[in-house]
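Written out below as structure tokens is the structure these notes cover.
The values are calculated or read from the model by the stated rules, or taken from the named source; none is laboratory data. These numbers were taken from a predicted model, which means no experiment stands behind them. Note: ideal-geometry Cβ built from the backbone for every residue, glycine included; neighbour counts use all protein chains shown.
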Amino acid sequence: MAKNAIIMGAAGRDFHDFLTYFKDKEDIHVVAFTATQIPYIADRTFPASLAGKFYPDGIPIYPEARLGELIESNQVTDVYFAYSDVSDQYVMNLVSIVQSKGASFHLLGPEDTMIKAEKPVVAVVADRTGSGKSTISRMVVDILVRMGLKPVVVRHPMPYGDLRVAVQRFATHADLDDYHTTIEEREEYEGHIDKGIVVYAGVDYGAILEQAQKEGDVVIWDGGNNDFSFYVPDITITVVDPMRPGDELTYYPGETNVRLADVIVVNKVNVATRKAVGAKVQAVRELNPKALVVRTNSVAILDKPELVRGKKVVVVEDGPSVTHGGLKEGAGAVAARSAKGVLVDPRSRAVGSIRLAYKRFPKLGKVIPALGYSDAQLQDLEHSINRVACDAVVLGTPSDITRMIQINRPVSRVQFEAAEVGGHRFESLIRTNKKLQSAVPQS
């Protein structure tokens, strides 16, 4: 008789783990997914078209809060945890809930879930959400292009739309509109698209890999949260944040990424204190003494600094970084202060789901999180911004949200990139990788 299982997730690794590990198994039956972190995922169904022959009706997705009752009502024997950027304490609390109901708790590892590619794979991952993976991914892309390679980016899943769409390909801004992408998706895709780089995402990462490696010479795994790669990497680059000391040891699976790394990038050294940077360097070297450790600046530039200088501004930040990422504020606030802008506190003017975000994430500072997972939430975001009395709006989110909402104040966008401090060791390691060298087209 097959065992009954639940997969705990956030519409990302949970679906990947199912497709790579559970889909065709006869001895274990997944009765449900649970969902958290991301709104509008629970109370949907993982589609039968992807679930396979043992799941003709698909698989229901329930709120994580129902975990205990689901274990009892479905006689569940095994629970598999499959999401990221949560404290070790949080994970262990879930272990206690699961075990108190009589079930076993599991974590699947790379051997069970990583897919082997035919083309070289460079994985960019992190110890925490908001460490700066996107800027490092773009830095890697630039290096590979200079080597004469054609990189294709595969982004960690953000399946907020139709779950039946197994593979999504983004090459233009029109593609973003066609797939009705959210702000969070656009934050990750636009920077690559603007450089002429194709981005793949979706639900089925086996099918995605098949298409991506036909189109490019190298696959860039552009990680989400602090999850580890879905593909077997030839180089693992782990980005760590000195602004959050100790998190490399206390947030799952960030420590896994540090220990897996070939290169550890200590980012934001231009905005963190020297003491914090030194402590982070020492901590990651103790966890992984074999990795190359490099330091990078996270350079934030306002496109219209004259709108900010000496003015009262409201800052809109990258949503994940300042919500479950735990940052008080992000690049927008740093850039605004550097330009001598005066931050206006927007919290009392927030409405609807944005107002609720401040209650759910009390660490949030005097910034607005760029949350837009639905049309209703986009309206809440628009109203929350426009209700603030200020001279200008600073967009710290990488996405140009003026394409999605109307802002009735002048807007200055923050553009930010990473730059290695003290040499080119990072680029040298990539250039000397034998598999990447062998992928360079011969003229």
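Things worth noting here:
- Within the range 134-143, tally of residues that are surrounded by 24 or more Cβ atoms within 10 Å (Cβ to Cβ) and modelled with pLDDT of 95 or more: 4
- Screening the candidates 268, 340, 366, 290 for the property of being touching a Gly at 6+ places or on another chain (Cβ under 6 Å), assigned to a loop (DSSP other than H, G, I, E, B) and modelled with pLDDT of 90 or more yields one hit, 340.
- Number of the condition not met by residue 299 [criteria: (1) outside any loop (DSSP other than H, G, I, E, B); (2) under 20 Å from residue 249 (Cβ atoms)]: (2)
- Near pairs, Cβ below 8 angstrom, 6+ apart or cross-chain, from the range 256-280 (closer than 14 Å to residue 295 by Cβ and without any contact (Cβ under 8 Å) to a residue 40 or more places away in the chain) to any residue that is surrounded by fewer than 16 Cβ atoms within 10 Å (Cβ to Cβ) and of a type in the set (Gly, Ala, Ser): none
- Test result for residue 345, acidic (Asp, Glu) and within 25 Å of residue 131 (Cα to Cα): yes
- Residues that are in a loop (DSSP other than H, G, I, E, B) and surrounded by fewer than 19 Cβ atoms within 10 Å (Cβ to Cβ) were ranked within the range 346-363; the one that is modelled with the highest pLDDT is 351.
- A single entry from 94, 176 fulfils the requirement of being outside the structural domain of residue 260 (by TED's automatic domain parsing), crowded, with 16+ Cβ neighbours inside 10 Å and farther than 19 Å from residue 205 by Cβ: 94.
- Count of the range 1-35 residues which are acidic (Asp, Glu) and under 20 Å from the mean Cα position of the chain (by Cα): 2
- Given (1) modelled with pLDDT of 95 or more; (2) in contact with a Ser or Thr (Cβ under 9 Å, 6 or more places away or on another chain); (3) closer than 17 Å to residue 139 by Cβ, index of the condition residue 260 fails: (3)
- For first residues located in the range 230-245 and in contact (Cβ under 8 Å) with a residue 12 or more places away in the chain, partners that are hydroxyl-bearing (Ser, Thr, Tyr) and not in a loop (DSSP other than H, G, I, E, B) and lie 6+ apart or on another chain with Cβ distances below 6 Å form the pairs 230/205.
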